[in-house]
Amino acid sequence: MIARKSVITFGMVAIPIAMYTATQDNDIHFNQLHKEDNSRIRYKKTCAHCGKEITAQDIVKGFEYDQDKYVVVTDEEIEKIKTEKEKSIQILHFAQLNQISPVYYNKTYQAAPEAGGEKAFELLRAALMTEQKIAIGKTVMGTKDTLMAIIPREEGLLISTMFYADDVRELQKQYATPEVSQQEMNMAKTLINSMDTPFDPAKYKDEYQIKLRSLIETKIAGREVVAAESEGAGKVVDLMEALKVSVEKAQKGKETA
């Protein structure tokens, strides 16, 4: 796994870190095939001027400053104009974790201290954890200023890149807020509390991907694909009655567990 090296800075403190991608893609991916003979469809990059097929080694970055006129900029030149400050993750301020809507989080990394930075790293993590706060910082990644949230965990620090306010769309469809009775609210709270259990990510599996893999194995074996049994569409029923039934089911489920 390739690590992205950086430095967290705040005040006169500098903490050298390595950032590792925290997630991975486990989804099944399909190739596109020609319907007539099941041959793989391939896409080629070609030059618009000479028609020659181009490899990744032949491609450079270009900015179109006038019609069909480009200035070429290399990765080395982009890195050259960055200052040490821009290469580091500068902490701008601290904030309460629950003040930030999850919609602002983008890609998450796991951070680990580099040699010599262990004590300052642990001090930052422990202080953030004790105060239940996160750090908001920024750095230059690629060709743009990137906002980041530094989030404390028991086992270390997570660093999540963030969207800017103008990257996040407003709620597209507003709705009229109906009145909720105290009885309905109490029943909803009872349902929530009856289903309240500690979050354990190991409990959850992508069940549809498991079914999809089973479908592929069935096809490979030459067996017939059998349609799934319908569970029936959910019906709109009396809200209080639905809440009562849901509470009863949740309580039975807890007793069984």
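The values are calculated or read from the model by the stated rules, or taken from the named source; none is laboratory data. Since this is a predicted model, take the numbers as computed values, not measurements. Don't worry about glycine lacking a Cβ; one is built from the backbone with ideal geometry, like all the others, and counts go over all protein chains shown. These accessible areas exclude ligands, DNA and RNA; they are computed on the full protein's heavy atoms, side chains included. Shrake-Rupley method; radii C 1.70, N 1.55, O 1.52, S 1.80 Å.
Take the solvent-accessible surface of the protein heavy atoms, probe 1.4 Å, and return the percent of it on region 58-123 that carbon and sulfur atoms account for.
Exposed carbon and sulfur together represent 54 percent of the surface.
Sorted from largest down, give the three principal axis spans of the alpha carbons of region 101-257, whole angstrom values.
Sorted largest first, the three principal extents are 58, 58, 39 Å.
Given 0.36 nm per residue, what is the gain on full extension from Ala221 to Met12 after removing their alpha carbon distance, in nm?
Result: 68.9 nm gained on full extension.
If amide hydrogens are placed 1.01 Å from N in the peptide plane, which non-local residues have theirs closer than 5 Å to the one on Val7?
It is Ile17, Ile89, by chain and number.
Placing +1 on the Cβ of each Lys and Arg and -1 on the Cβ of each Asp and Glu in the chain, which of Phe199, Ala115, Asn98 has its Cα farthest towards the positive end of the resulting dipole?
Ranked along the dipole, the leading option is Ala115.
Just how much of Lys144 is accessible, in Å², when a 1.4 Å probe is used and the result is rounded to the nearest 10?
110
Mind jotting down the distance between the C-alpha centroids of region 1-69 and region 192-227, whole Å?
31
Which of rounded, prolate or oblate describes region 165-235 when judged by the alpha-carbon gyration tensor and an a/c cut-off of 1.5?
Numbers: a/c = 2.18, a/b = 1.81, b/c = 1.21.
Since a/c reaches 1.5 and a/b is larger than b/c, the shape of region 165-235 is classed as prolate.
Okay, helix-only estimate at 222 nm for the chain: each DSSP H run of n ≥ 4 adds -39500 (n - 2.57), divide by all residues, round to 500 deg cm²/dmol; what do you get?
After summing the helix terms and dividing by residue count, I get -8000 deg cm²/dmol.
Could you rank Asp166, Asp145 by how accessible they are, 1.4 Å probe, largest area first?
Descending order: Asp166, Asp145.
Where nothing but the Cβ of Lys and Arg (+1) and of Asp and Glu (-1) is charged, how large is the charge dipole of the chain around its Cα centre, in debye to the nearest 20?
It comes to approximately 300 debye.
Can you give me the accessible area per residue for the chain, using a 1.4 Å probe, in Å²? Mind showing how you got there, number by number?
On the way: 21090 Å² over 257 residues.
It amounts to 82 Å² per residue over the chain.
Give, rounded to the nearest 20 debye, the magnitude of the charge dipole that region 157-250 has about its Cα centre when Lys and Arg contribute +1 at Cβ and Asp and Glu contribute -1 at Cβ.
Using Cβ point charges on Lys, Arg, Asp and Glu, region 157-250 gives about 320 debye.
Ratio of alpha-carbon Rg to the 2.2 N^0.38 Å globular estimate for region 1-153, to two decimals, please.
1.45
Sorted by average packing, counted as other Cβ atoms within 10 angstrom per residue and highest first, what order do 110-118, 56-64 take?
Sorting 110-118, 56-64 by mean packing, highest first, produces 110-118, 56-64.
So for the pair Tyr208, Thr130, with labels modelled 7 Å out along Cα→Cβ, what separation do we get in nm?
4.5
Would you kindly derive the ³J(HN,Hα) couplings of region 19-34 from the backbone phi angles with the Karplus curve 6.51 cos²θ - 1.76 cosθ + 1.60 (θ = phi - 60°), listing them in order in whole Hz, with x for Gly and Pro?
Karplus values, whole Hz, x for Gly and Pro: 10, 10, 4, 8, 10, 9, 8, 9, 5, 6, 10, 9, 8, 8, 10, 6.
Which order, highest average first, do 68-75, 246-253 follow once you tally other Cβ atoms within 10 Å for each residue and take the mean per peptide?
Highest to lowest by the protection proxy: 246-253, 68-75.
Taking the Cα-to-Cβ direction at Ile78 and at Arg40 and moving 7 Å from each Cα, how far apart do the two end points lie in nm?
A separation of 2.8 nm, rounded to one decimal place.
Determine, from the Cβ-Cβ distance of Leu239 and Gln99 and an R0 of 30 Å, the FRET efficiency 1/(1 + (r/R0)^6), rounded to the nearest 0.05.
0.40
Which value in nm describes the separation of the simple spin-label points at Thr23 and Asp166, placed 7 Å from the Cα toward the beta carbon?
Label-label distance for Thr23 and Asp166, simple model: 2.6 nm.
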